[in-house]
Each structure stands twice: as structure tokens, then as C-alpha cells.
Amino acid sequence: MQVDHQLIVQYLRRWQVARADELAAEVENCAGAGLSDQLQLALAAEKAYMPVSPALAENRAMVRTLMGYSADLMERTLYLGADRLPAALFCLDAMSERAQVMTILESLAVWGQDRKLPADRPDSLLTALEQMIPSVMVRGVGVLGEVLESLLAGDTVLFVEGLPSALIMPTDGPPGRQPDEPLTEPVVRGPKDGFTETVSDNVALIRRRMRDDRLRVERLTLGERSRTRVVLLYLMGIATPELVQEVRTRVGRIQIDAVLGSGYIEEMVEDDPLTIFPLLKVTERPDVVTAGLLEGKVALLVDGTPHAVLMPSTLVAEMQSAEDYYHRWPISSFVRSLRYLYLLIAFLGPSIYVAVTTFHQELIPTNLLITLIAAREGVPFPAVLEALMMELTMEALREAGVRLPKVVGQAVSIVGALVIGESAVQAGLVSPVMVIVVALTAISSFIIPLYAMSLAVRVLRFVLMILAGTFGFFGIVVGLMALFVHLSSLRSFGVPYLSPIVPPTGGDQRDVFVRAPWWAMRRRPQFMPAVDHPRGGQGNRPSRPSAGKRGGTP
Amino acid sequence: MRRAIALLLLLPLLTGCWSRRELNDTALVIALGIDLVEEGVYEVTLAVAGSGAAGGGKGQQGGESLPSRIVVSGQGRSFAGVLRDIELRLPRRINLTHTLIVVVGERLAEQGLGNTLDFILRAPEFRLQGNIMMVRGGSVRTLLETEPIMESLQTKALSEIAHARVGLEMRLWEFFSARATTYRTPMLPVVDLIQNPDTGPEGQRYAAKLGGAVLLRNDRVIEYLDAREVRAIKWLRGHGREGVLTVPCGEEPGQEDVSFHILQAGRRIRPTLQGGRPAFTVSLTGRLRVTEIQCTRPLMQHEVHEQLVRRAEEELHNLIVRVIEKLQAAEADPLSFGEQVRALYPAVWRQLGERRWGETWRETPVTVSVDLRLQTTGLMSNPL
């Protein structure tokens, strides 16, 4: 400890900045005792300006001190070359891949034993060392701040006596998991890999699908403390430079201490911060991101989140599943229209039930009405209250199902559903029809492929239910009007949220409520501000092999 | 967002016809009957759906299940007054929006409906798709109390029978629109209360049967039509399908019969002018299927089935001619013959005067032609 203090003082004096002298004096004052927190923070604040010292011991002392003698900081002293030049290797335990570090160590300590190193000329020394190190990349860095940043990212750092820069070797391999099937967006047909928490793996998953040199990958670091890696992806020549610049500006504007998930960024780059609708598409699937890039969208990958953010997004995009593009088009079209139908049910189901049964009984067919009356006989609550209660219970069950440990989760949700559904009816608290309506609504809300959208629908449903309970259909209509006014005012990176339905663009309708066959989708969406629209040739439509001849022969 | 909220806040300021009525506070009237008790005193009977009416459903666990319907009636000088009187007795609010059937008592129809039905047209909750009919052979209340077969509700049963198109179906709007003119004669289908022939609920004496129809003039019954005549009327109204024609099948008409099911029926009524007077050509077409044959004649032979079809044509022709004669004799035109003249020959119509259409109609020549074809003999060709 004592030795380190001296070295720190020595280093700071060598650095020769006004602030450094002050700090050196303070370190000297500590004499013997550990450095105070304030002093450590003061040192850390200056790290971006601290040069790497040619004296190895000073660098070691500084790195140790700045890292606060962290328990997972690994240090290895070695002597390089025939001249036995002292050097030190730093890495963070488990953040860097041990095998890689071992290879580097091996070549430095064992294979470089006999080599003569030009210790007196730093430039040639750097080149000579670069030749020796078996790493995909070696980078010389002259500032301690950068050294620490690399170290914290899992890279290996090599300090050499007499060299005023550190060598950085990327060995990062923090614990991560293999690409797994996306949990929230499973498909029957289509790729089964999903993003992981490691951003570099995620980029690779996209690269694998898009072997295009025009795929641009830009790295940013966000979060003053978390230093989270954020990767911006777009296809040059398809995405407009204006959009990319806008994304860069909006993301660059963010000032936050830590980014622990893509949701942090999402909320800070949206066009309308007060809406309930997801203005950016969040997905776990690399194929969805790739398809988005091909439409001219920009993707954002955040380290530590297995969810990519695609921007701009539209309501229609939120209702599409990756599978729509893998199944045959008539089936996809059917499923898609079904999805919009059930979106309406998920949204309006309970409200329409409440409005019709309490305000507009004349709209129900007589036989059904008689059944409904019989079912509601003895239920002590008005229909609105009944609906609200049941829907809230349903939401609670769903939330509990997510929150509960997996082992008990399923059991509890089944028991909850059975007990509440069955017993509430038996006890006469709730009419059986209401249970059916609630169940249908719940099922419908799960048909919405993207979770964020389904959440928005769920919440708005309650507003509509209250409106329906107080004003009947009149309330529902006014609520829907308000909703449409809101929806049409939404933009996502300048793209109207309801496009291509409103404003309508002719060619894009083939990918809204239906999914036209691939040979018919010859252009990228026109509502997107893309540079280049054509995407396929004219002659993709297959024809029957001998159709032409058969008609001609007599 | 702000605009959306502003829109919502404006909601309570708007006017509209809305008011909350919970289902459990509703007495759902499914049939309404009116009859005359004595001069100027009406009896209004309501059939209210009870919770037992939901067939199959368990409804409430335990406890006595409520009856499928509750029949309540009251007497008074006006419809609205009686309704109010009944409402005071019921624990729930009367809901008339689902009145499927309006039943008029025989006595009321004989004495004249007058303005008893005014309420039905005036009340906004009434829907005019309901059926209207007249009950014969018993009181309105008896009909509504009769337990139906195979349905949980008498009214439902009645409207099902009416919809089945075996009998005459008269919707409220149709009745009222005929009543609003001077030249179209309103008709009321007749439901007969008969001695219960079927296996029905224990101790039930009556069953309802859709029978003939009555013709009204000035809201008063002027003529009865029997079930056969109603069939002719139906055919002329364009609902000739689903009927059965039965004619003798022997070489000489005898005891044995052949029955034809009418698969397809068409009718065409064309008005023409004969010397400034309207005349009508009624041509009926139809396709038949043999449903039953009681004698053993080779149907596959052209002459045989041709003969049988001719007989059917003749039978139908006679029926139609007889009915039209009967209508003309009564100066009743329930089939909108007059309407055709009005539409095609407005000048003649004006000259004739629509108020005197009845008299003109009496003298109007009507030519009837019938063309039937045998389409199939059923699954068998010649009888065994």
C-alpha cells in the first residue's frame, strides 16, 4: 500500500498538471492510510486526462488504485524477450475469456523468450510486440481512462516498461447464453433463434442473415456509469441518411447514468412521450430486425438486452408476426385478418357486452337476450362493475402468471382461473356469460403478436369499459373517435403511425390486412422514407410449365 | 392527446337517448295481446320472459327455477293506462323492445280495432318486425298461457310456426302499411285454439294452431279465409313454396290420391288495360316433386304423369280463381293488385279514384294461368 502511494505521487508529479500536483499532495497527506473516498473519486474524475506512464510500476499502481483494488482484477507480471523487459498483464476475471488470455500469455512469456526487443525505441517496441501477440486486434492506447474502459469491457491490457502506451487486446467474453428460441415471439415455421444479452452475438445473428457490406454497424456508448454498448444498424442505400442522422441525434442526446435495457432508450427517443402505444417495434427475433432493415428501418441493439428496437414503427407493423412471411400467403392473409378481428374483440369485447346488455337490449336477438337475462338472474352487480371486476382479476392472474416462479406459476394461474371462474359463477357473483366474454377477450389479447401492443390494448380496454358503462354505445363511439384522433396524430420518426392505412398508399395495401405473395411484393413499403424502393424482379411469378403450349395444339 | 381528452370531457354535455337498464331489472315482454272486454274497456295481456325460458341453461344453482314466462294482464280504457297499471304490479321495468308477437282478440277484431294499436306505432321501442295475428276460439290470455310443445316459450313457438311459412306470416309493418291505405286490405293471420291433440304438458286443454286469416276493412273483420284459401293467398304473395297439392291419382278420379310437394313457385301478376279499365293476368309457375302416391300407376310414363300434373294445375287454378272471386266479392284487395295499377297506369288510377278501388276491383277481370312441371318423382320412380 505504502509503495503504491509513493508510486501514485510519483506518477502524478510526472503528469505535471496543476490539478495533479494538488492530488499528489493529498495522496502524500494520507501517508500510510488508505485513500479517502473523495480522493478516489477525484482521481477517477481525472482518468480521461491521465497519460500512460513509461514507468511500469506507476501504471500498475494507478490501475490498481483506480480500480479500487477490485477483487476480480487479475494481474500477471512477466518479463519479455531476451532482455527480460518487465511487463504487466491486466484483465478482469470472467469478463475476459480465460483461454484467450492464456494464449496471449503463452506467446509472450514462452515463445518470445529469445526475441530481442528494441527496448529503447518505443515505436519499434510497439510494432515488435504487436507481431508477437496472437490476438485478432492489438491497439495501443495512451490514456488511462481508455485503458480502464477496455479493461471493464473484458479486454486484456498489457503495460510494458518504457512504453508510454498500453496494448489492448480484445478478449471479452463475459458470461452469456446461447441464442435460444424467442420466448415472447415463438413461431411454428421460421428461424428459432433469438437475441441474447450479448450485443456482439446479436450483431452476428443479423450479419449472418445479411451478408452485405452495405450493412452499417455503428457503436455508441451510453450511460455515464454503465458504459453500455449500443449498436446502431442500418442498410446504407436503403435507409435514408436523414433518418439515420435523426436516430443518431436522438440517441446521442441521451444523458443518463446507466442503460440497463432497450426500454430506457426507447422512451427517450420516441416522437410522442405521452402515448400508450408502442412507437418503436421491440423484437427478440433477428429475422424481424433484418426484415426491418430491408424496409429502410434503423435497428438499435443494446448490450444486456435480448430485445432489438426497430424504428420507425407503425401500428400495422405491430400487428405483424414474422411467421406471416414464412407461411403460404393465403394462410398468412387469413391469419392476419383474423388477428385484426380479434384485435377488435380484445379491444371492444367487454365494452360492447356492457353497452348492449345495459343500454341497447333491443340490439340483441330475442332468444339470446332471454338466455342472458336468465344468466344474469341474481347477479348483485351492474354489468359494468361485473366486467371491470372480472377483467381486473384476469389482468391480475396474467401478471401473477408472469411474476410467479416458473415452478408454481402455471399451477397458480390454473387454480386461480378455475377457482375464480367457476366459483364466482357458482356463488352467483358473476354471470357465466361474463366469464365467457372475459375469457374470449383474454385469448384475443394474446393473439396480438407483439407484447407491447397487447399491453396497450389491455389498458385502453378499461377506459372503453367505463365509457360503455356510463354512456353505452355512444360512449364507445366517442371513445373510439378520441382514439382515432390520437392515433392519427402519432408519428414514429416522422412516419404516420397509421400508415399505410392513413394516409393510404396504394402499393402498400398488399402487406396490411392481407399478405400478398412474395412475387407480388416487388417494392419496399412506400410510406417508409427509403432511398431505394424496388426489391424484386418482374418475373418472379411462377407459371405452370406447359400452360402456353396446351392451348395452341389442336 | 389533449384533443382526445377534450373530446371525452365534452361527452356528458351532449344529449342522446341513453339510460342504463340492467338486465336483471328488466321485464322482457315477448308477446302482447289486446282484447275487448266490454264497450270501451280493453284487456291488455303481456307475456314476460322468465328466467326459466333459457332452455338448457342451469340458470340458478338450487332453488326453484322460475317459470318460463309470466302472463300478466290488466284492464282499462287505454293501452298506456293499462301498461302503467301492470308496471305498478311488476317488480321490474317493462321492456317492449322484443315484442315478437302482437295478438288481437277475436272480439276486438269483430268490433273494430279502432286506435288500440296506435300505441304500437307511436312507442319508439316497438319494433315492427314482430308478427301480428288474431286468436280465435279462446281468449288472448288463454293463448299466451298455453304451454307450447318443443319450445320453452309460447310466443317463440308461435313466431317459429309463423316463420316456418306454412301459414300466413304478417309482420307488423306490413299490416300497418296496408292499414294506412284505402286500397290495400289488411289481413290478419288467425291462430286457432284447439283441443290439445298432442302430447303436451299435463292437463293442458288447448293447443295453438295457425289457421286461416281474416280480412279487415275499417278495422273490422269482413271476411274469413280458411287454411286452403290462405295457401292460395300465399302463392299469390310469392310464398308458394313448401306447400302440398293433392289430386286424385287414378285413371278416373277416385279415392286414391297423389300428393305433390312444391319445390319452386313463381307468380307473375301483370296489369293490362282493356278499354280503359284495368285487367289482370295472373300466371303461376311451379316445379313439383311427388311425395306420396297411393295408386300403382307407372309414373315414368309420359301420359300418366302429364295427366297427374294437369290435374294439379287444374286444382291450383280452381283454387286461385275461387279465392280471387271471393276477394272481389268482398271488395278486398290484400294482394296489392291496385298498387300495380297505380304504379303502371297512374292516369287510369287517378281517373278510377283510389278510394273507389274496391268497387273497381270487384268488376276487374282476372285471367289465371297455371303452369306446373314435375321435376322429380322422389327417390323412387314407379310405385311398387
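Coordinate-derived values only; no laboratory data. Because the structure is a prediction, the values reported are computed rather than measured. Neighbour counts are summed over all protein chains in view; Cβ atoms, including those assigned to glycine, are modelled from backbone coordinates with ideal geometry.
A few remarks follow.
- Efficiency of FRET from Cβ geometry, A:Val419 and B:Val348, R₀ 56 Å, rounded to 0.05: 0.10
- Set of aspartates and glutamates near B:Lys326 by C-alpha distance (under 14 Å), chain-local residues within fewer than 8 positions excluded: B:Glu223, B:Asp226, B:Glu229, B:Glu359, B:Glu363
- Cα gyration tensor of region B:227-384 - equivalent ellipsoid semi-axes, whole Å, descending: 37, 14, 12
- Cα pair count fraction exceeding 17 Å, expressed as % - region A:460-504: 41
- Among B:91-103, B:288-300, A:16-28, sorting by the average number of other beta carbon atoms lying within 10 angstrom of each residue, highest first, gives B:91-103, B:288-300, A:16-28.
- Part-to-part distance (alpha-carbon centres) for region A:308-354 and region B:309-384, which is given in Å: 57
- Taken over the alpha carbons of region A:5-169 as equal point scatterers, the Debye sum produces base-10 log I(q)/I(0) values at 0.15, 0.18 Å⁻¹ of -0.80, -1.09.
- Förster radius 35 Å - calculated FRET efficiency between B:Ser369 and B:Asn218 (Cβ-Cβ, nearest 0.05): 0.55
- Under the simplified labelling scheme, the A:Ala82-B:Asp257 pair shows an inter-label distance of 13.0 nm, with each label point 7 Å from Cα along Cα→Cβ.
- For chain A, the mean residue ellipticity at 222 nm estimated from helices alone is -14500 deg cm²/dmol, where every DSSP H run of n ≥ 4 contributes -39500 (n - 2.57) and the total is divided by all residues, rounded to the nearest 500.
- Spin-label model distance (nm) - B:Leu13 vs A:Gln16, 7 Å beyond Cα toward Cβ: 7.7
- Cβ crowding within 10 Å, taken as a proxy for footprinting-reagent exposure, orders A:Lys47, A:Lys406, A:Lys116, A:Lys281 from fewest neighbours to most as A:Lys406, A:Lys116, A:Lys47, A:Lys281.
- Taking every residue in A:376-385 and counting other chain Cβ atoms within 10 Å of its Cβ, the average works out to 4.
- Legend: P(r) of region A:13-53 from all alpha carbon pair distances, 10 Å bins from 0, whole percents, reading 28, 58, 14.
- For region A:389-463, the Kirkwood hydrodynamic radius comes to 13.1 Å, computed from all pairs of different C-alpha atoms.
- Long-range Cα-Cα pairs in region A:102-195 (distance over 24 Å), rounded percent: 39
- Convex hull of Cα atoms in the protein assembly as shown, direction-averaged projection (nm²): 64.6
- Counted residue by residue at 0.36 nm each, then reduced by the alpha carbon distance between them, the extension gain from B:Arg93 to B:Arg277 reaches 60.7 nm.
- Among the residues of A:486-494, the average count of other protein chain beta-carbon atoms within 10 Å of the residue beta-carbon is 1.
- 20 Å binning of all Cα-Cα separations within chain A, expressed as whole percents from 0 upward: 17, 37, 29, 15, 3, 0
- Neighbouring Cβ atoms from other chains, within 10 Å of the Cβ of residues in B:5-12, number 4 on average.
- Using alpha-carbon coordinates, inclination of helix A:18-30 to the longest axis of chain A, degrees: 80
- Long pairs among A:Lys47/A:Lys116; A:Lys192/A:Lys281; A:Lys47/A:Lys297; A:Lys297/A:Lys406, criterion Cα-Cα beyond 29 Å: A:Lys47/A:Lys116; A:Lys47/A:Lys297; A:Lys297/A:Lys406
- Histogrammed with a bin width of 5 Å, the alpha carbon distances of region A:327-496 distribute as 1, 8, 14, 17, 19, 15, 12, 8, 4, 1, 0 percent, first bin at zero.
- Gained length - A:Gln255 relative to A:Lys192, 0.36 nm times residue gap less alpha-carbon distance: 19.1 nm
- Shape index of region A:199-313: Rg/Rh, with Rg the Cα radius of gyration and Rh the Kirkwood radius from the inverse mean 1/r over Cα pairs, equals 0.93.
- Helix A:199-209 axis, angle to chain A major axis (alpha carbon atoms, nearest 10°): 60
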